[in-house]
1. Kindly check whether there is at least one residue in region 498-508 that is of a type outside the set (A, V, I, L, M, F, W, C), in a helix (DSSP H, G or I), modelled with pLDDT under 85 and open to solvent by 80 Å² or more (accessible area, probe 1.4 Å).
2. Given the criterion small (Gly, Ala, Ser) and under 24 Å from Asn278 (Cβ atoms), identify the matching residue among Gly401, Gly358, Gly375.
3. List the helices (runs of 4 or more DSSP H) inside region 341-447, counting only whole elements, that have at least 3 residues being within 27 Å of the chain's Cα centre (by Cα).
4. I'd like to know if region 131-143 contains one or more residues that are surrounded by fewer than 20 Cβ atoms within 10 Å (Cβ to Cβ), of a type outside the set (A, V, I, L, M) and outside any helix (DSSP H, G or I).
5. Collect the residues in region 79-109 that are modelled with pLDDT under 50 and either closer than 23 Å to Met507 by Cβ or assigned to a helix (DSSP H, G or I) (or both), keeping them in residue-number order.
6. Any idea which residue in region 281-336 is nearest to Val381 (Cα to Cα), counting only those that are of a type in the set (Lys, Arg) and within 30 Å of the chain's Cα centre (by Cα)?
7. Hey, can you tell me all the residues within region 468-482 that are within 20 Å of Met438 (Cα to Cα) and part of a helix (DSSP H, G or I)?
8. Picking from Val269, Val238, Val311, which residue would you name as being in contact with a helix residue (DSSP H, G or I) (Cβ under 9 Å, 6 or more places away or on another chain), assigned to a helix (DSSP H, G or I) and open to solvent by less than 40 Å² (accessible area, probe 1.4 Å)?
Amino acid sequence: MLLTRITRSNLPRIAILTQTQFTSVYNKPNPCPNPITFTKCINPSFNFTSFNFSTSSFENPTAKTITESIDSCEESDDNNYSDGEDESLLCNEDVLNDVKLIVDILKQFHTDCVETKQKLENCGVKVCSELVVEVISRVRNDWEAAFTFFLWAGKQPGYVHSIRVYHSMIAILGKMRKFDTAWMLIDEMRKSKGNDNDNPPLLTPQALLIMIRRYCAVHDVGKAISTFYAYKRFGFNVGIDEFQSLLSALSKYKNVQDAEQLMYCNKDVFPFNTKSFNIILNGWANVICSQREAERVWNEMGKRRIQYDAVSFGCIMSCYSKSSKLYKVLRFFDMMKKMGIEPDRKAYNSVIHALAKGKMVKEAVNLLKTMEEKGVTPNIVTYNSLIKPLCKSQNVDEAKGAFNEMLRRKLSPTIPTYHAFFRYFKTEEEIFELLEKMREVGCPPTNDTYIMLIRKFCRWRQFDNVYKMWNEMCGDMSPDLSSYIVLIHGLFLNGKVDEAKKYYIEMKEKGLSPDQKTDEKLQTWFSSRKFLEQRKAVVEDSQSRIQTKVTVTRNQKNIDKPETRKVVRERGFSFWEE
């Protein structure tokens, strides 16, 4: 029997408005001539050596961002689409110098935008696709500066924006909620050709998927679904893969309830399968982290005879692993093997994480050895699954040993690896030493790294280091909204109200607006500060006048004996009675 699902969104109403726009025969598996409609649904052991962060054990390390999402639902970063282009790092020194020159110019955009545009026109830089991608990436948190450079670059002779550049700019505009401008670029892509006139238009389904994800990020489910309907309007085929991309985007940004209802309501057009249920299961288990809902979806898969696979077990075990339910993780691991499903890397990672979190380090290391014997090669996520709980439980020696073993295997540490150690470190010397090592191995700090360290130094009241981290972040990249919020909160809560207000004004000037609740809180703080300063001035003035009056009275009467006068108390202060 189908379960009744009541969601926050108006999915049925949206469908009624849009179902006339979307009627087609799907070219993907399970074709159906009917439109999508929304009806009321029922729904090895380690040699622990000294910890030196040595980089000599591997050559030419490359920093790779490895996400720990389920393999079948993995999504690429909206800000780094390659679309078949070369993703190698910039090696041309002249291009790097040009990038630095343009970034320095764009940093002055909000000070004098007219002068910035004039400097761009006179900079003499030869524009190429690699340069544009790198500049946009570095100023991605300042959408006005990025868009100004994007428009300027598009007008330069001999240069045409590539698909990757368009995707990067659309992702930035969507992140800053400039959806109308993003749609303008999509329409421009539809009308444009590639570098060769014989090439088809630049618009691809990936551009619409970026918009879907951006709408899901701001929880505008209706606009995300409307964008899904736009696939047909732009002449793209729509099948089960595109539908599952929509479900995945909804789940990734915590719209899991809406994604689940969407899946149930379209079961006739897109029949249930294991991957669709895995997307919903992963959303409840690892995005919302609700054991109750994850168990409900798991049981529903069994009732509907949806076949479990390694990804299904990996999702449910990861959920229990995060909540320290080791016995349930092991139970599902045994169940998985009894059903003849060979554990994949994610399943092993979940069990290793649970064992390490339960302080069963020896068993975790033995399982890692077993994993290799089974032909499943450990990756960086495997070692992160071991290092994170060890650092959290203060087992630093074991974590250091795992780190050195990872380097011995020529696996490059990632940002989550370093973050695990940053959370443990107790001194600024350790932090700055590790920051330097990150840069040496080609894994520079990200916004999240700087946010973590700014928050830590604010707790330690080391404001020189707070400003040092902020200046480094501004030099390497443009601060985003989260960076400003963390800095403002940290300064205000430590009594640095004037400094906090300065950064609040700077944030507003850059067009970065926090949500209404946060903005109201900040404005209340600053208005309270002004009120307290006014009251302090009044009280100090009253006390000064009273002290002067008493002194004059004593001098006039020249009385040696103690003066007896009544004292009255008002508003928390004591006054002589007049």
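The values are calculated or read from the model by the stated rules, or taken from the named source; none is laboratory data. Not measured: the values here are computed from a predicted model. Backbone-built Cβ (ideal geometry, glycine too); neighbour counts: all protein chains shown. We work out accessible area using only protein heavy atoms, side chains counted, and drop any ligands, DNA or RNA first. Shrake-Rupley method; radii C 1.70, N 1.55, O 1.52, S 1.80 Å.
1. Looking for residues that are of a type outside the set (A, V, I, L, M, F, W, C), in a helix (DSSP H, G or I), modelled with pLDDT under 85 and open to solvent by 80 Å² or more (accessible area, probe 1.4 Å), one finds none in region 498-508, hence no.
2. After applying the criteria, what remains is Gly375.
3. So the answer is 345-357, 380-392, 396-408, 415-424, 428-440.
4. Within region 131-143 (the criterion being surrounded by fewer than 20 Cβ atoms within 10 Å (Cβ to Cβ), of a type outside the set (A, V, I, L, M) and outside any helix (DSSP H, G or I)), the answer is no, since none of the residues qualifies.
5. Asn79
6. Filtering region 281-336 for residues that are of a type in the set (Lys, Arg) and within 30 Å of the chain's Cα centre (by Cα), the one nearest to Val381 (Cα to Cα) comes out as Lys322.
7. Residues satisfying the conditions are Lys468, Met469, Trp470, Asn471, Glu472, Met473, Cys474, Gly475, Asp476.
8. Step by step, each of Val269, Val238, Val311 is checked, and only Val311 is in contact with a helix residue (DSSP H, G or I) (Cβ under 9 Å, 6 or more places away or on another chain), assigned to a helix (DSSP H, G or I) and open to solvent by less than 40 Å² (accessible area, probe 1.4 Å).
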